[in-house]
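Structure first, commentary second.
Every number in this text was worked out from the coordinates using simple rules, so none of it is lab data. Not measured: the values here are computed from a predicted model. Here the Cβ is made from the backbone with ideal geometry for all residues, glycine too, and neighbour counts use every protein chain on show.
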Amino acid sequence: MKGQRRFLPLSIVLTIQVAMEFTAAWLFVRKMEHEWMYHIYAPIDYALFCIYFMQLVSPKYRRWIVVSTIIFALASASISYWYYHFESFPGANINTEGVLICIICTYVLLNLDVRRYDAIYKNPDFWISLGVIIFFGGTFFTNGVYTYLNEIDKVQAKKLFSIVNTANLIQYTCYIIGFLWAIPRRSSIQLS
Amino acid sequence: MGNSTEIVYTVILATIFFVVLIAVVIIAVWRYHNRKRAHEKTLMEFDHTLLQSRLEIQEETFKSISRELHDNIGQILTLAKLHLNTLALENTEQSRERLNGAIDMITQTIQSLRDVSRNLHADIISRNGLVPALETEIRIIEKLGILHPVFRVFGQPVHLDDNKSLIIFRIVQEALQNIVKHAKATILEVNIHYSFEQVRLTISDNGTGFNWEENKDKGSGLRNMTDRARIIGAHFDMQPAAAAGTIITLTIPTS
């Protein structure tokens, strides 16, 4: 979107998400290990979301977000290495990421810029924050249960992902609405 | 068993989490609506103040033009007319002197008229900025001959929004008028300090000072200045000066 450079980190996140899901599906079909990808994906995903949300918060909080990105990257790498050994699905990493992003989204939602948009539903940041909150709210529950259920019954665990699917669907719907509102509109028409 | 308990806890936790998220969204919408209304009110107040400031500056400009026409241009032209009326054509030497005198006076009048047109404040602010407009205002006060004004600028001038500058100018103009009318001062100092984060404007005089107890109810001018400062996000402060008189400080953030 021309003139909407602030959405670039979000576009990169979405591209990475698509690429990763395709790769994970391909590895899954070929019965190869694919969980290791999520260990790398979590810190990258969090960092890119932070870059996007940093544009919407005051400079005072920007510094905290940068610090949280570094701490999360280090903590995520440590958990993956010592606890999951890069083998099973990193539920704790993604849940931590979710909670952190939800905190940032809550702040963004409560402090949306009222100067640029007439109504809240016309504000792209509202839809994007809402989408992120719904998605991470859904995965927060699923990932926690999945980790336990996967040890008992792998088939039942897979079924849990219908919650994530719904949350995903709502998330992308919110993103689409947000991106549509971000398209600059002509305020006048030119008659030839 | 342990696992199922943990699952129950997770479900309860997730439910609480979801409820909190829904509450956050509802509060966000409600808060946005309130903040939007407050913002619209501020915008309306700003527009109203801007319009009022424009009108008041215009009124002051008219007064200044009228004073200039009556006290200066009118007098010079009357004198020039007198010179021309009393021309004695038979006395060539005297006539030449009077004619030259009349020409000088008319030249002075033309210069004064140019000054009048150049001193239209609202125009100066949008064309040249706040500092030249304040310089002009100080010059007008100096011309009155009541007090000795000093105007100083410190630091590199920062460009302020035209509307903001206009309101600042009106605050200063009102403060200066109060000093001229009521302070019985002989010295007036206007200083502007430009820095990276803010513009600090101080107006000080050596007059009789300001009695807060006597004027707290009737000081509509003071209230106007405070309100105007608030609307542009500035801070207005009025304190008694150390020796005598009053010191007014207007702090305007540049961002």
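Quick notes on this one:
- Counting only DSSP beta bridges whose two residues both lie in the protein assembly as shown, roughly 75 percent are antiparallel.
- On Cα atoms only, tilt of A:161-182 relative to the major axis of chain A in degrees: 20
- Cut-off 11 Å, label 7 Å out along Cα→Cβ of B:Val20, residues of the range A:58-85 by amide N: none
- By the count of neighbouring beta-carbon atoms within 10 Å, fewest first, B:Leu69, B:Leu55, A:Leu109, B:Leu222 end up ordered B:Leu55, B:Leu69, B:Leu222, A:Leu109.
- Relative contact order of chain B, taken over Cα pairs closer than 8 Å and 6 or more residues apart, is 14 percent.
- Take every Cα pair under 8 Å whose residues are at least 6 apart in sequence, average their separation, divide by the length of the range B:129-255, and the relative contact order is 25 percent.
- With a cut-off of 12 Å on the backbone N, no residue of the range B:39-59 is near the modelled label site 7 Å out from B:Ser220 along Cα-Cβ.
- Modelled this way, with points 7 Å down the Cα-to-C-beta line, the labels at B:His70 and A:Met32 are 9.5 nm from one another.
- Packing, taken as the mean count of other beta carbons within 10 Å per residue, orders the peptides B:139-146, B:39-46 from highest to lowest as B:139-146, B:39-46.
- Segment B:Asp227-B:Ile106, length gained on full extension (0.36 nm per residue, minus Cα span): 39.1 nm
- Cβ-based charge dipole, the protein assembly as shown, positive-most Cα from A:Ser78, B:Thr78, B:Ile252: A:Ser78
- Seen through its C-alpha gyration tensor, with square-root eigenvalues sorted a ≥ b ≥ c, the protein assembly as shown comes out prolate because a/c lies at 1.5 or above while a/b is bigger than b/c.
- FRET efficiency estimate (nearest 0.05) - Cβ-Cβ, A:Trp64 to A:Ile40, R0 25 angstrom: 0.55
- Under the shape rule built on the C-alpha gyration tensor, where the axes satisfy a ≥ b ≥ c, chain A is prolate, since a/c reaches at least 1.5 and a/b is greater than b/c.
- Prolate/oblate/rounded call for chain B, Cα gyration tensor, a/c under 1.5 rounded: prolate
- The residues B:Glu93, A:Glu97, when put in order of fewest to most other Cβ atoms within 10 Å, stand as B:Glu93, A:Glu97.
- As a proxy for reagent exposure, ranking A:Trp82, A:Trp181 by other Cβ atoms within 10 Å from fewest up yields A:Trp82, A:Trp181.
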